[in-house]
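Right, one structure below, let's go through it.
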Amino acid sequence: MSDYTLKELMTIAAAREIQDGDIVFCGTGISMVAAMAAKHICAPNSTIFFETGAIDSILEETPLAVADPRVMFWTSVNGNLADSFATMQNRFTGVHVVGILGAAQIDRFGNLNSTCLGDYTRPKTRFSGSGGACDVGSFVNRTITFMQHEKRKFVPKLDYLTCPGYLDGPDGRKKAGLPEGGPMSVITNMATMGFDENTKEMFLTGYFPGISPQKILDNMGFEIDISRAVEVPPPTPEELHILRERCDPQRLIL
Amino acid sequence: MNSVSDKVMTLQDAVRKYAFDGCHMSIGGFTINRNPMAAVYEIIRQRIRRIHLYAHSNGQGVDELVGSGCIDRLEIAYGGNGRFAPTCVRFKKAVQNGSLMVEDYSNYQMTLRFMAGAMGVPFLPTRSSLGTDIIDKWGFSSELRKTDNRLPNEKLIVMDNPFTNWTDAAKVVLVPAITTDVTFIHVQKADIYGTARMEGLTFSDVEQAKSARHVVVTCEELIKNDALRANPDSNQIPHFCVSAVVHVPWGAYPTACYHHYDYDPTYLNEYRKHAENDDLYPAWLDRFVYGVSNHQALLDLRGEAALEAIRADARTGYAVGLDRR
């Protein structure tokens with residue numbers, strides 16, 4: 001039963017958060033596999049869509065980028081970037097979108113940095129930049145963020161705020177003029193986290209089997225509430241089968 | 001030159017005619033798909049310098065232009081290349097060593113900026129990026145913007161909704177239009193007049209093309225005007241937007257071209273390994289870019305087996321079962 005990898009557990013943990021009927025915005029890598037898994041496990045009527053404009057792709061093979069030709073096959077609509085981001089900004093459709101993101105740094109309000117470390121004009125380390133992440137974080141109701149659980153990644157202050165979470169707290173988005181919504185969860189290689197309804201601060205919702213809440217805290221650059229955490233159930237044999245045989249049989253991501 | 005005339009020319013001539021030192025340029029495609037790579041390599045061979053490049057997520061093409069020293073300034077949303085380079089390697093090095101000046105926007109903002117250029121309006125509004133450093137941190141300073149009349153004097157502007165909360169939006173971000181001297185796109189089909197058809201996703205190629213003074217279209221297939229007219233709903237670019245048409249089979253290689261070929265995982269992995277090493281990278285450029293006279297010579301160098309491996313399957317439009325590790 002314990003024959004699973006952390007990456008597989010992370011993917012399943014994200015898939016379980018997707019609700020039937022959601023429109024799922026996917027980035028590259030593990031987020032695509034999570035969205036594919038959700039369709040087989042808990043959200044058969046969810047729709048996978050990509051910022052490149054592909055809607056409801058039939059992913060017979062795992063795409064390695066959101067512009068991979070594999071996302072273009074047997075879609076319901078092949079659109080473009082203008083369409084896809086408008087779908088999220090649009091208040092009729094945007095509220096049904098759940099976005100799956102990743103980042104180099106995250107803070108306690110779920111704001112993300114995927115741009116740089118150090119000074120912006122002469123950074124110590126440069127990353128890819130926003131891509132569509134800032135748009136997703138600005139527009140959609142719920143986001144799930146994948147992170148590596150390391151102290152240098154969970155920071156009190158981001159080097160660069162690329163993608164808005166709750167900004168500086170409960171009224172942050174409203175003050176800035178952003179639509180409602182914001183981060184729903186953070187999934188790492190140790191734990192799952194949510195955001196408090198009132199304070200909008202990150203708190204521990206689940207710890208992976210064999211990992212203590214204290215170890216999770218030891219690997220973060222800020223304190224979070226661990227009093228509400230429960231152990232995350234491991235993937236079931238059926239979930240693992242789906243993941244391995246139907247979502248990433250070539251093992252390109254997992 | 002945008003009339004109904006025969007615009008077919010060689011890629012060498014098209015680049016010589018429409019790209020120049022210091023020009024403002026954009027290239028089509030997205031990360032590992034339909035980048036106009038034959039044109040990118042020709043721009044590198046002609047050693048065009050000080051280019052001001054606009055991109056949303058044009059991974060491979062941007063990285064090769066940056067790596068060969070063609071680009072001074074880059075306005076971009078995403079400098080990554082999917083699984084092949086989470087951050088584009090030469091882009092990362094150039095920003096970190098200070099040789100490339102970058103201005104960051106989001107993908108939607110870059111798309112809107114091209115769209116504004118295509119529409120002939122000075123800006124378009126969005127609700128994206130409110131409260132973020134995309135608004136607060138500028139790569140191009142106010143001083144630089146004042147001295148260069150090809151740059152808008154603000155990166156972007158946040159304003160209260162002038163229609164007072166109409167559609168429940170309190171604030172909007174205005175992003176400035178982009179107009180380029182030249183835009184290069186690679187398409188599946190075009191005719192000699194420049195009418196063009198893309199298959200699969202179009203990304204922002206249509207907006208990019210329409211925001212350019214001159215468009216150079218490279219195409220997999222140069223087909224009869226009547227063949228495009230037989231299915232006009234599938235065509236996106238009208239002839240009067242286009243200045244030059246170049247027939248370049250495999251013109252997006254090593255990126256993918258839907259229905260024709262996949263990306264080449266071997267080339268992209270080898271590229272990354274060489275790009276990561278400053279000692280190896282010049283030899284790579286010498287061999288695969290400067291060392292070949294044109295795109296066909298690059299294809300010959302890669303060999304028939306490499307191309308056959310990525311040829312698209314008729315049903316799916318990509319190379320089924322391709323080893324992509």
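Readers should treat all values here as calculations from the given coordinates under stated rules, not as data from a laboratory. Because the structure is predicted, anything quoted here is derived from the model rather than measured. Please note: Cβ atoms are built from the backbone with ideal geometry, for glycine as well, and neighbour counts cover all protein chains shown.
Restricting to Cα pairs below 8 Å that are 6+ residues apart, what does the relative contact order work out to for segment A:6-247? Please round to a whole percent.
Reported relative contact order: 17 percent.
From the phi angles alone, apply the Karplus equation (6.51, -1.76, 1.60; θ = phi - 60°) to segment B:47-53 and give each ³J(HN,Hα) in whole Hz, x where the residue is Gly or Pro.
6, 5, 10, 6, 5, 9, 9
Rounded if a/c is under 1.5, else prolate if a/b is larger than b/c, else oblate: which is segment A:162-254, with a ≥ b ≥ c the root eigenvalues of its Cα gyration tensor?
It is oblate, given that a/c is not under 1.5 and a/b is not larger than b/c.
Just B:A170, B:A19, B:A85 to compare: in a GNM of chain B, with alpha carbon springs under 10 Å, which one fluctuates most?
Maximum among the listed residues: B:A170.
Quick one: which residues, 5 or more positions from B:Y261 or on another chain, have an amide H under 5 Å from its amide H? H modelled 1.01 Å from N in the peptide plane, none for Pro or chain starts.
Long-range HN contacts for B:Y261: B:A312.
Rg to Rh ratio, the protein assembly as shown, alpha-carbon atoms and Kirkwood radius?
0.96
For segment A:5-125, take every pair of Cα atoms, bin their distances at 5 Å starting from 0, and report each bin as a whole percent.
2, 11, 18, 21, 20, 13, 8, 4, 1, 0
For segment A:6-247, what class follows from the C-alpha gyration tensor (a ≥ b ≥ c being the square roots of its eigenvalues): rounded when a/c is under 1.5, otherwise prolate if a/b is larger than b/c, else oblate?
Because a/c hits 1.5 or more and a/b fails to exceed b/c, segment A:6-247 counts as oblate.
If each residue of separation counts as 0.36 nm, what is the full-extension length gain between B:M119 and B:F20 once their alpha-carbon separation is subtracted?
Separation in residues times 0.36 nm, less the Cα-Cα distance, equals 33.1 nm.
Hey, can you rank A:235-242, A:184-191, A:89-96 by average C-beta count inside 10 Å, highest first?
Descending mean neighbour count gives A:184-191, A:235-242, A:89-96.
Would you calculate a helix-derived [θ] at 222 nm for chain A, using -39,500 (n - 2.57) for each DSSP H run of n ≥ 4 and dividing by the full residue count, to the nearest 500?
My calculation for chain A gives -5500 deg cm²/dmol from helical runs alone.
Residue by residue through segment A:216-226, which ³J(HN,Hα) values in whole Hz follow from phi under the Karplus form 6.51 cos²θ - 1.76 cosθ + 1.60 (θ = phi - 60°), with glycine and proline marked x?
Once rounded to whole Hz, the list reads 5, 5, 4, 9, 10, x, 8, 7, 10, 6, 10.
Remind me, relative contact order of chain B in percent, using alpha carbon pairs under 8 angstrom and six or more residues apart?
20 percent
List the residues whose amide H sits under 5 Å from the amide H of B:V187, counting only those 5 or more places along or on another chain, with H placed 1.01 Å from N in the peptide plane.
The answer is B:T218, B:C219, B:E220.
Quick query: amide H of B:E103 versus all other amide H atoms, modeled in the peptide plane; which residues come in under 5 Å with a sequence gap of 5 or more or a different chain?
Hits under the 5 Å cutoff: B:L74, B:E75, B:I76.
Karplus couplings for segment A:106-120 from phi (6.51 cos²θ - 1.76 cosθ + 1.60, θ = phi - 60°), rounded to Hz, Gly and Pro as x?
9, 10, 5, 9, x, 6, 10, 10, 10, 10, 6, 10, x, 5, 4
Zone of B:F163 (label point 7 Å along Cα→Cβ, backbone N under 15 Å): which residues in segment A:73-114?
A:90-92
Taking every DSSP beta bridge with both residues inside chain B, roughly what % is antiparallel (nearest 5)?
Of the beta bridges lying entirely in chain B, close to 30 percent run antiparallel.
Using the scaling law 2.2 N^0.38 Å as the reference, what is the normalised Cα Rg of segment B:153-308?
1.36
At 10 °C and 1.306 mPa s, grab the translational diffusion coefficient of chain B from Stokes-Einstein with a Kirkwood Rh over Cα pairs, rounded to a whole number in µm² per second.
Using the Kirkwood radius from Cα pairs, D works out to 79 µm²/s.
Rounded to the nearest 500, what is chain B's calculated 222 nm mean residue ellipticity when only DSSP H runs of at least 4 contribute -39500 (n - 2.57) each, over all residues?
About -8000 deg cm²/dmol.
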